[in-house]
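A.B. asks: Structure incoming, see below.
Throughout, read-outs are computed from the coordinates displayed, never taken from laboratory work. None of these values were measured; they are calculated from a predicted model. A quick note on method: Cβ atoms are made from the backbone with ideal geometry, for glycine too, and the neighbour counts reach across all protein chains shown.
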Amino acid sequence: ARRRILVPGQVEDDLSVLYGGGETRTNLDLLRGVRVAHPDAFILYKPHPDVTAGHRKGAVPELLARRFADIIVNDVSIARILAGIHEVHTITSLAGFEALLRGRQVTVYGRPFYAGWGLTTDVMAINRGRRLSIEELVAVALILYPRYLDPVTRLPCGPEVIIERLDQPEAWRPGLLVTARRLQGRLARRWSERRASSAVADSTCELPPQEISGPA
């Protein structure tokens, strides 16, 4: 069976990419690099939701993305995708951290907080000076370091309260502002797709001679 690799897209002007990225800093470069390194793998590309909504930088025209990815997934949760893949290749995405929590192999092309501890395959040299177990990394990243805000009381709280709130869907319902932002994103995405289509038509970048097709 072909090895299944998830490539999660990122916001290309996000600070984690700008300051934590290596030589690979764009979604297209990442996709291309993974395909070159793993020509026989089944590659799933999941664009970042904010990019898909048209709010942020990092869109890869679909026809161009399909040169390197076997399938593009949008309306599927990252948890569901991680359950069906073998490994994740990313620049600095949190999807890599989530993959580690699920026992998946992770290759990073930048310097995310979860790299360099002996848990990931690091394309860049990252010298942390020590190794961590996944349990130690989770304790630091999710319990000791962060400060949480209770979405109901709007007061600081511990991680235990946040876990309780996750079982209360009414506390997470999107408001009018979120709904309006989604509508704005749809309009922006349509405009961006038209510009991207024109750019692809005029592009002179080197591409593989034929598209890579997925399984029947």
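A.B. asks: Non-local amide H neighbours of Lys57 (under 5 Å, H modeled in plane, Pro and chain starts lacking H): which ones?
C.D. replies: Result for Lys57 returns Glu12, Asp13.
A.B. asks: At R0 = 22 Å, how high is the FRET efficiency between Gln168 and Asn74 if r is their beta carbon distance? Nearest 0.05 is fine.
C.D. replies: The value I calculate is 0.20.
A.B. asks: Using only C-alpha positions, report the orientation-averaged shadow area of the convex hull of the range 1-152, nm², one decimal. Please report the intermediate quantities before stating the final value.
C.D. replies: Working: hull surface 40.3 nm².
In nm², the orientation-averaged hull projection of the range 1-152 is 10.1.
A.B. asks: Between Leu149 and Asn127, with labels modelled 7 Å along Cα→Cβ, what's the label distance in nm to one decimal, could you check?
C.D. replies: According to this spin-label approximation, the distance is 3.9 nm.
A.B. asks: Related question: Check which residues have an amide H placed less than 5 Å from Lys46's amide H, if you skip close sequence neighbours.
C.D. replies: HN-HN under 5 Å from Lys46: Val7, Gly9, Val73.
A.B. asks: Here's a follow-up. Can you work out the Karplus-derived ³J(HN,Hα) for every residue in the range 82-90? Use 6.51 cos²θ - 1.76 cosθ + 1.60 with θ = phi - 60°, whole Hz, and x for glycine or proline.
C.D. replies: 4, 5, x, 10, 9, 8, 10, 10, 8
A.B. asks: From the phi angles alone, apply the Karplus equation (6.51, -1.76, 1.60; θ = phi - 60°) to the range 103-120 and give each ³J(HN,Hα) in whole Hz, x where the residue is Gly or Pro.
C.D. replies: Going residue by residue, I get x, 8, 6, 9, 10, 10, 10, x, 10, x, 4, 8, 8, x, 9, x, 9, 10 Hz, with x marking Gly and Pro.
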